[in-house]
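Trainee: First, the structure itself, so that you have it in front of you.
The values are calculated or read from the model by the stated rules, or taken from the named source; none is laboratory data. Since the model is a prediction, treat every value here as computed from it, not as a measurement. As a convention, Cβ positions derive from the backbone with ideal geometry for all residues, glycine included, and neighbour counts pool all protein chains shown.
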Amino acid sequence: MASFCLTKSRSFIIQTLKSNKTSTNRTSYIHNNVSSSPLPVSEHAYYSHKNVSIVFNHSFKSIYVSRRLHSTTSVDELPAEAPLQQVLDFPGGKVKFTPKLTFASGATKERVHCYRVLDDNGQMLTDSDSLGINKELAVKLYTNMLTLEVMDTIFYEAQRQGRISFYATTTGEEAINIASAAALNNNDFVFPQYREPGVLLWRGFSLQEFAHQLFGNKYDYGKGRQMPIHYGSKKLNYITVASTVATQIPHAVGAAYSLKMEKQDSCSITYFGDGGTSEGDFHGAMNFAAVMEVPVIFFCRNNGWAISTPVDQQFRSDGVAVKGKAYGVPSIRVDGNDALAIYNAVSEARKMAITEQTPVLIEALTYRAGHHTTSDDSTRYRPVEEIQRWRDDQNPVKRFRKWIESKGWWTDEAESQHYSSIRKQLAQAIQVAERIEKPPVADMFNDVYDVPPKNLTAQEALLRKTVKKHVQDFPSDVPL
Amino acid sequence: MASIFQVIGAATAAVSSSTSFDTKKFQLCSRRSVSERKSSFVVVKASGSNRIGSRADQLVTNAVATKADTPPAASKPGHELLLFEALREGLEEEMERDARVCVMGEDVGHYGGSYKVTKGLADKYGDLRVLDTPIAENSFTGMGIGAAMTGLRPIIEGMNMGFLLLAFNQISNNCGMLHYTSGGQFKIPVVIRGPGGVGRQLGAEHSQRLESYFQSIPGIQMVACSTPYNAKGLMKAAIRSDNPVILFEHVLLYNLKERIPDEEYVLNLEEAEMVRPGEHVTILTYSRMRYHVMQAAKTLVNKGYDPEVIDIRSLKPFDLYTIGNSIKKTHLVLIVEECMRTGGIGASLTAAINENFNDYLDAPIVCLSSQDVPTPYAGTLEEWTVVQPPQIVAAVEQLCR
């Protein structure tokens, strides 16, 4: 079929070109070229040699014109019999024609299936694809999830008591945080949004270090410059959280690009919510990652709410997983409350990303069981029953606990022991962090540049002078 | 190379001890007198503790043209090239020197860049290292920032500076801030560059002067090049700097020709350039306006004035040391810029000078800027939105009265 088309198109081209009175050089060149070999039909024809693309362009133009304007084209331009074209050789690949005027629907008939391994009661589904995980890993996963849950509760309460100024919980998303981190290596770069402290926790960030950042004291790695929950650790390859939504997504692609350039055996991962996928940065980054073929995992925590905006007001597509297809990125939808499913998906995605040098999109369906932050009261825009249902039935920590208990790897005793131990550690951490002094004013002007320029040192000197002069007007617990 | 250092050892001492430019000994020539420049371009350490942001450990230099009395050791004639070629040469040398340097932007790869600054680089270094990006400025600027945080040194090219308005979020919120908010853990050694300024009938959207919008962002440095010599030097310095640097080029200056040294040289990012020493009035300018000023200077010299012309080069932070010395000498200041009247570089510079050198001024600072209008397409109208030499001459005459 293809060769038939080619034969027809070849004569057609020559005829059309001759009738258009193109320059003799070009015509003869094309004639030679076409008669010697068939038209290039590779997937990437547009990348091909410049001369051949001239042939290609002309063939495209002439075929297309003839099909669209056959009624208006003058007789001497048309060949004796109209060519039977089934396929258009277009940049990016062959495209089949159809005489049917049908629009593809914006909605999919059936939603993308969601991968899960454990059922609602924490029992492993018999036919699920799953990596075997041993007791040690399972217990580590669970204890971290429990720690995260307790940490959120305690720190949230601390904010309510006025001890810290701000907090955002990850309630309901513990599985996403811990299981995805467990599937990665420590040298994979993590670009978080702000609801992924569990990744840091898994990698070894201590409760005390978390507390230091929340209190913004002098042991905070961010030197007290950012709001609470804006953690960052160069040592653990966790890039500091920025408040801006979705700006970290292109950063992750850039990091993946650097990994590809330096041929490293690691990937980068970035997390964002359903709301973040509306930002322009998400689309630019996905597109770019696909074009550049870099090892990045796009992890979307579709938790149903972007502050008070539910997903049906955020987008009308079938969630976020279908967007992968639009950009040429392999994608999967997973049950975000199933720790094992997430662990499997991220492991596989990581392997794929690195060996095939491709981006991967993972959409984890979950629920933001807590408020957006401590500045929010979500009962104002969603029913309390809905929140309660997700906290109870779909609670990822509970589900996973049921599973490891069924394997005999966890007991009630272990639970209460771990629970009280974490609570004690947290209380201690808060107490310690609260008492430590804040970073000095001198630090306010450092790190703006690598070396403070003259205007900044002048500003600092002025500030210091002012503070010394009006000591009573400035906080006494902040050293100079 | 060592001999050159020794020869200039004496000159170095002279530079550091003097607090003002000794006009007889050190004459940084303008573009007109390129042929007078001697071949012994040497590496002179910009020493002195009163230099802004001086980094004694870094070999930043301010190559100075020496007179015939210093014997030219290892004399090479230098080579002539156009400004965009000088930028490319600087870029290529840095890419050769450091494998982490990469370029990304629209059409920078096989096309060679819309102003040919990256021509040939994709063939030499591959199209991963000289990367063609899709049309998503915020996203590829973000990409560059992410790559910088994880070890590379990207140069992000905006096809036209105006397009970088789309990247403002990434430049302001992430590029400028992340080093600070991460407590110094992550550094962002990017160079963001591109042509800006009013060209020849490019239309309002392609004739923007972004230096005025970017100047407030804490954490970034801004420099503007104006000659092939400083273009190459500033490009190299910007790439080697660990801070994010925005390098402003001008669309109309790409085809300037000049003879530059064969030896490697790197300029200081925070230094201004003395274009023409004088006694009567200090004219501060940068980028294309430098040439309008020099043209006006010709007229002024014929009329008997002696203007001192300084190309400020460093737009953030200002080189108040050089500027201050000049003001202490002349006591009159004229700023000529291409930015808009409102909120431009000139406005900030006026404020900075007034704050620091008010006692030395004999008259209020005069600032000549472009009109506060979108640049019209019609050639004659466009010409009159920017400052022209006759206006500069008139302003100087007014000041010196």
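Condition check ((1) away from chain B (no Cβ under 14 Å); (2) part of a loop (DSSP other than H, G, I, E, B); (3) among the aliphatic types (A, V, I, L, M)) across all residues:
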residue	(1), (2), (3)
A:Q388	yes, no, no
A:F400	yes, no, no
A:I404	yes, no, yes
A:E415	yes, no, no
A:Y419	yes, no, no
A:V448	no, yes, yes
A:N455	no, no, no
A:P475	yes, yes, no
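Trainee: Hey, among the residues in segment B:116-133 that are more than 9 Å from chain A (Cβ to nearest Cβ) and of a type in the set (A, V, I, L, M, F, W, C), which one's nearest to the chain's Cα centre (by Cα)?
Mentor: B:V117
Trainee: Could you say which residue among A:T379, A:T374 is among the polar types (S, T, N, Q) and either touching a Pro at 6+ places or on another chain (Cβ under 9 Å) or closer than 19 Å to A:L148 by Cβ (or both)?
Mentor: A:T374
Trainee: Confirm whether A:Q159 is under 15 Å from A:P228 (Cα atoms), touching a residue at least 40 places away in the same chain (Cβ under 8 Å) and surrounded by fewer than 22 Cβ atoms within 10 Å (Cβ to Cβ).
Mentor: When the stated conditions are applied, A:Q159 passes them.
Trainee: Tally up the residues in segment B:248-267 that are part of a strand (DSSP E or B) and surrounded by 24 or more Cβ atoms within 10 Å (Cβ to Cβ), please.
Mentor: Qualifying residue count for the region: 5.
Trainee: Among the residues of segment A:277-287, how many are crowded, with 24+ Cβ neighbours inside 10 Å and either touching a Ser or Thr at 6+ places or on another chain (Cβ under 6 Å) or at pLDDT below 95 (or both)?
Mentor: 3
Trainee: Does segment B:226-244 hold any residues that are in a helix (DSSP H, G or I) and under 15 Å from B:D311 (Cα atoms), and which are they? Let's see the steps before the verdict.
Mentor: Applying the first criterion (in a helix (DSSP H, G or I)) to segment B:226-244 yields B:228-240.
B:P228, B:Y229, B:N230, B:A231, B:G233, B:L234 - these are the residues of segment B:226-244 that are in a helix (DSSP H, G or I) and under 15 Å from B:D311 (Cα atoms).
Trainee: A follow-up question, please. Mind checking which residues of segment A:408-442 are surrounded by fewer than 13 Cβ atoms within 10 Å (Cβ to Cβ) and either under 30 Å from A:Q123 (Cα atoms) or within 33 Å of the chain's Cα centre (by Cα) (or both)?
Mentor: A:G408, A:T411, A:D412, A:E413, A:S416, A:Q417, A:S420 - these are the residues of segment A:408-442 that are surrounded by fewer than 13 Cβ atoms within 10 Å (Cβ to Cβ) and either under 30 Å from A:Q123 (Cα atoms) or within 33 Å of the chain's Cα centre (by Cα) (or both).
Trainee: Can we say B:N169 is part of a helix (DSSP H, G or I) and either touching a strand residue (DSSP E or B) at 6+ places or on another chain (Cβ under 7 Å) or in contact (Cβ under 8 Å) with a residue 12 or more places away in the chain (or both)?
Mentor: yes
Trainee: Moving on. Sort out which residues of segment A:316-334 are in contact with a Lys or Arg (Cβ under 9 Å, 6 or more places away or on another chain) and assigned to a strand (DSSP E or B), and write them in order of number.
Mentor: Those that are in contact with a Lys or Arg (Cβ under 9 Å, 6 or more places away or on another chain) and assigned to a strand (DSSP E or B): A:S331, A:R333, A:V334.
Trainee: Taking segment A:108-165, which residues are basic (K, R) and over 27 Å from A:P197 (Cβ atoms)? Full working, then the answer.
Mentor: Applying the first criterion (basic (K, R)) to segment A:108-165 yields A:109, A:111, A:116, A:135, A:140, A:160, A:163.
Within segment A:108-165, A:K109, A:R111 meet the criteria.
Trainee: Of the residues that sit in segment B:134-176 and are facing chain A (nearest Cβ under 7 Å) and among the hydrophobic types (A, V, I, L, M, F, W, C), which one is farthest from A:Y231 (Cα to Cα)?
Mentor: B:A136
Trainee: For segment A:429-440, name all the residues that are assigned to a helix (DSSP H, G or I) and in contact (Cβ under 8 Å) with a residue 12 or more places away in the chain.
Mentor: Taking segment A:429-440 as the starting set, the residues that turn out to be assigned to a helix (DSSP H, G or I) are A:429-435.
Residues satisfying the conditions are A:A429, A:I430, A:V432, A:A433, A:E434.
Trainee: Still on this structure, please answer the following. Scanning segment B:209-229 for residues that are touching a Pro at 6+ places or on another chain (Cβ under 9 Å) and of a type outside the set (A, V, I, L, M), which turns out nearest to the other protein chains (Cβ to nearest Cβ)?
Mentor: If we take residues in segment B:209-229 being touching a Pro at 6+ places or on another chain (Cβ under 9 Å) and of a type outside the set (A, V, I, L, M), then B:G219 is nearest to the other protein chains (Cβ to nearest Cβ).
Trainee: Let me ask something else. Enumerate the pairs (first residue in segment A:214-230 and facing chain B (nearest Cβ under 10 Å) and buried (at least 20 other Cβ atoms within 10 Å of the Cβ); second residue anywhere and among the charged types (D, E, K, R) and not in a loop (DSSP other than H, G, I, E, B)) with beta-carbon separation below 6 Å, excluding pairs fewer than 6 apart on the same chain, so at least 6 apart or on different chains.
Mentor: These pairs meet every condition: A:K223/A:D443.
Trainee: Restricting the search to segment A:309-323, which residues are closer than 15 Å to A:G276 by Cα and crowded, with 17+ Cβ neighbours inside 10 Å?
Mentor: A:V311, A:Q314, A:G319, A:V320, A:A321, A:K323
Trainee: Taking B:S216 and the conditions (1) over 21 Å from A:L259 (Cβ atoms); (2) surrounded by 20 or more Cβ atoms within 10 Å (Cβ to Cβ); (3) polar (S, T, N, Q), which numbered condition does it fall short on, given that it satisfies the others?
Mentor: Just one mismatch for B:S216, condition (2).
Trainee: Looking at B:F186, is it at the interface with chain A (Cβ under 9 Å from one of its Cβ atoms) and surrounded by fewer than 24 Cβ atoms within 10 Å (Cβ to Cβ)? Before the answer, list the steps.
Mentor: On the way: at the interface with chain A (Cβ under 9 Å from one of its Cβ atoms): yes; surrounded by fewer than 24 Cβ atoms within 10 Å (Cβ to Cβ): yes.
Spelling it out, B:F186 is indeed at the interface with chain A (Cβ under 9 Å from one of its Cβ atoms) and surrounded by fewer than 24 Cβ atoms within 10 Å (Cβ to Cβ).
Trainee: Moving on to the next point. Identify, by number, the condition in (1) at pLDDT 95 or above; (2) surrounded by 23 or more Cβ atoms within 10 Å (Cβ to Cβ) that A:V329 doesn't meet.
Mentor: (2)
Trainee: Test each condition in (1) touching a strand residue (DSSP E or B) at 6+ places or on another chain (Cβ under 7 Å); (2) modelled with pLDDT of 95 or more; (3) within 14 Å of chain A (Cβ to nearest Cβ) for B:G233 and report the one that comes out false.
Mentor: (3)
Trainee: A further question follows. Could you tell me how many of the residues in segment A:344-355 are surrounded by fewer than 24 Cβ atoms within 10 Å (Cβ to Cβ), touching a residue at least 60 places away in the same chain (Cβ under 8 Å) and either over 25 Å from A:V311 (Cβ atoms) or not polar (S, T, N, Q) (or both)?
Mentor: 3
Trainee: If you don't mind, there's one more thing I want to ask. Taking only segment A:199-213 into account, find how many residues are among the polar types (S, T, N, Q) and surrounded by fewer than 20 Cβ atoms within 10 Å (Cβ to Cβ).
Mentor: Counting residues in segment A:199-213 that are among the polar types (S, T, N, Q) and surrounded by fewer than 20 Cβ atoms within 10 Å (Cβ to Cβ) gives 2.
Trainee: Picking from A:D450, A:D443, which residue would you name as being closer than 26 Å to B:L320 by Cα and in contact (Cβ under 8 Å) with a residue 40 or more places away in the chain?
Mentor: On inspection, the qualifying residue turns out to be A:D443.
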